[in-house]
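Dropping a structure here in structure tokens format, bear with me for questions.
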Amino acid sequence: MKRAAAGARPQSQFAAPGFTLIEVLVALSIVAVALLAGLKATGSLSRNAERQNISMLGQICAENELIRLRLRRQLPDTGNSQIDCPQADRMLQVNLSVRPTPNPNFRRVDARVLEQGQYVLQLSTVMGRN
């Protein structure tokens, strides 16, 4: 029978099964980084969907006001006006700006949409005499 050298630890016949603490911590940190990246991507997608939704609602408001002016079948008066536009439980404001053009038969109309003072979008067109 062989004897262990002095000061050496005796070796057991079986190694203990399982992971070391370092291996578990490394695995947990990898999972945490992956979950954090997924959470950040999900938040970004949610913000983009919200921005797209408010842009669509703003475009509906702006187009409605421009169509309303066209249906009057007369050249719009120059100046500025503000119209409230409730859409999907939101209160949007449409600022209409009518400006003259070099040709007196046409007017430039800008419809700028805001939500709580924050710019959403702007549509511009030229309207003529009917």
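Got a sec? Which strands (runs of 3 or more DSSP E) wholly within the range 47-130 have at least 1 residues that are free of Cβ contacts under 8 Å to residues at least 40 places away in the same chain and surrounded by fewer than 12 Cβ atoms within 10 Å (Cβ to Cβ)?
79-87, 90-100, 118-128
Condition test on GLU23, is it at pLDDT 95 or above and not hydrophobic (A, V, I, L, M, F, W, C)?
No: the conditions fail for GLU23.
Is it the case that some residue within the range 27-44 is out of contact with any His (no Cβ under 9 Å at 6 or more places or on another chain), within 30 Å of LEU123 (Cβ to Cβ) and of a type in the set (A, V, I, L, M)?
No, the range 27-44 contains no residue that is out of contact with any His (no Cβ under 9 Å at 6 or more places or on another chain), within 30 Å of LEU123 (Cβ to Cβ) and of a type in the set (A, V, I, L, M).
The values are calculated or read from the model by the stated rules, or taken from the named source; none is laboratory data. Since this is a predicted model, take the numbers as computed values, not measurements. Using ideal geometry, Cβ is built from the backbone for each residue, glycine included, and neighbour counts are taken over all protein chains shown.
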